[in-house]
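Computed from the coordinates by the stated procedures, all read-outs in this text should not be read as laboratory data. Note that the structure is predicted; figures quoted are calculated from it, not measured. We place every Cβ from the backbone using ideal geometry, glycine too, and count neighbours over all the protein chains shown.
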């Protein structure tokens, strides 16, 4: 089984990393079928690119303060930093995916955010 040795980013710790192909060869077929490989993950992300979009706030702070929005929508706006993807927002919002997506869509329709 092929191994790579990499230095850790801190304290010079040596860590063994297995190549993905080697790990797949060693894993039982039942495990391989349950754990998607990198190609499968890329295909899943490509099939739903919306989740990789990054929302940005398009209103300046002064105009944003004058827009009446709910507390939950305001929380989502506060999470929008121009780097966090929709998928990450779903993870950190502590709301259901349906509610978060609904709030994002409402904010987009109201001209508060855009997706890039």
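Below is a table of values for the structure above.
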read-out: Burial ranking of peptide ranges 56-62, 89-95 (average Cβ count within 10 Å, highest at the top); value: 89-95, 56-62
read-out: Label-reachable residues, the stretch 86-116, where backbone N falls under 15 Å from a point 7 Å from residue 58's Cα toward its Cβ; value: 104-116
read-out: Potential lengthening between residue 51 and residue 109 on full extension [0.36 nm per residue; Cα-Cα distance subtracted]; value: 19.1 nm
